[in-house]
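Here is the structure we will look at, set down as structure tokens.
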Amino acid sequence: MSKLRFWAAALIVWLVFVYNIERMSQSLVTMHAYTYIFVLVVAAFTLLLPKLSNFFLSILFIIFIILFLILKIYWQHEGIFGSEFPLTVTQLSAIILTGLLARQVNHGLLEIENIIASITFSHVGGLAKSFLAEQGKMYSEVKRARRYQRPLSVIALQIDERSIEVVLPQMVIEAQQMMMREYVFANIARTLDDNTYDFDTIALYDNCFILVLPEVTKDRAPAIAQRLKKMVREKVKIEMQAGLAVYPDEAMTFESLVELAKQQASQQPLSDLNEVEEEPQTAISEV
């Protein structure tokens, strides 16, 4: 994320510099009007084609450079190596550097998209590979089949877009619910961590947070549970049910303690602990 911020800031600063270079240089450098159009178009194309490989991006840059030179010759009526050759080099450098900076921003955006995709679509095996990424391998197979006179088949399975419209809404709802659920769980975990000591242990078990609080007795546990519920209610706006299990009063093994606490939590109404007297703010757990 820090790299993306850096390259985005660099691109913005560079564009501001390019579009004000004539003013800052006091007319020592006079850029042609179409140069600014090429700068903007190169930046836009680079950002709008995120999965374009470096090879095809290089071809795109070459095409833009050729078009720029053709336009210069047509408008200026002079060759490339005319009296404005230094200015031509400057303008071409501005266009190429803009594309390279935009490419770096593009890489940062792709990394974020890949992270989101890996989190969101990990249960289905990830996103489908693009044709641009795989066509080199496909082409190699065709060449191999041609060289060794071996059979090869190409199958095209076209998707019915209308069927996607039927499935998509439910998938979108499920994805939104899943991301919202993970966000809420992360927020609750942070709230619990902020209101417990470092030696307390917090873990998520299904939709239930399990907290192990050393040195907390049966008399103090209900007040601590009430305070933590209150903190979550105030900061995350989520109601929680609390179940308690104390060693060695109620169970002797870790598994028994966890199951007993979960069972009590699932059976307890949300308001059962509301009348428990709270402890002082600094006494959540003690050594």
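Rule-based calculations on the coordinates, nothing more; no lab input. Everything numeric here is computed off the predicted structure, so don't read it as measured data. Using ideal geometry, Cβ is built from the backbone for each residue, glycine included, and neighbour counts are taken over all protein chains shown.
At full extension, Glu234 and Asp249 could sit 2.2 nm farther apart than now, given 0.36 nm per residue minus the alpha carbon distance.
When the listed pairs Lys235/Lys262; Lys3/Lys235; Lys3/Lys237 are checked against a 27 Å cut-off, the alpha-carbon distance exceeds it for Lys3/Lys235; Lys3/Lys237. Each other residue within a Cβ distance under 13 Å of Arg150 adds +1 if Lys or Arg and -1 if Asp or Glu, for a net charge of +3. Fully extending the segment from Leu152 to Glu215 would add 15.6 nm, taking 0.36 nm per residue of separation and subtracting the current Cα-Cα distance.
What the Cβ-Cβ distance of Ile202 and Asn114 gives, at R0 = 25 Å and to the nearest 0.05, is a FRET efficiency of 0.25. Note on Ile12 and Ala186: the extension gain reaches 59.3 nm, defined as 0.36 nm multiplied by sequence separation minus the Cα-Cα distance.
Placing a pseudo-label 7 Å from each Cα along the Cα-to-Cβ vector at Leu71 and Ser256 gives an inter-label distance of 8.1 nm.
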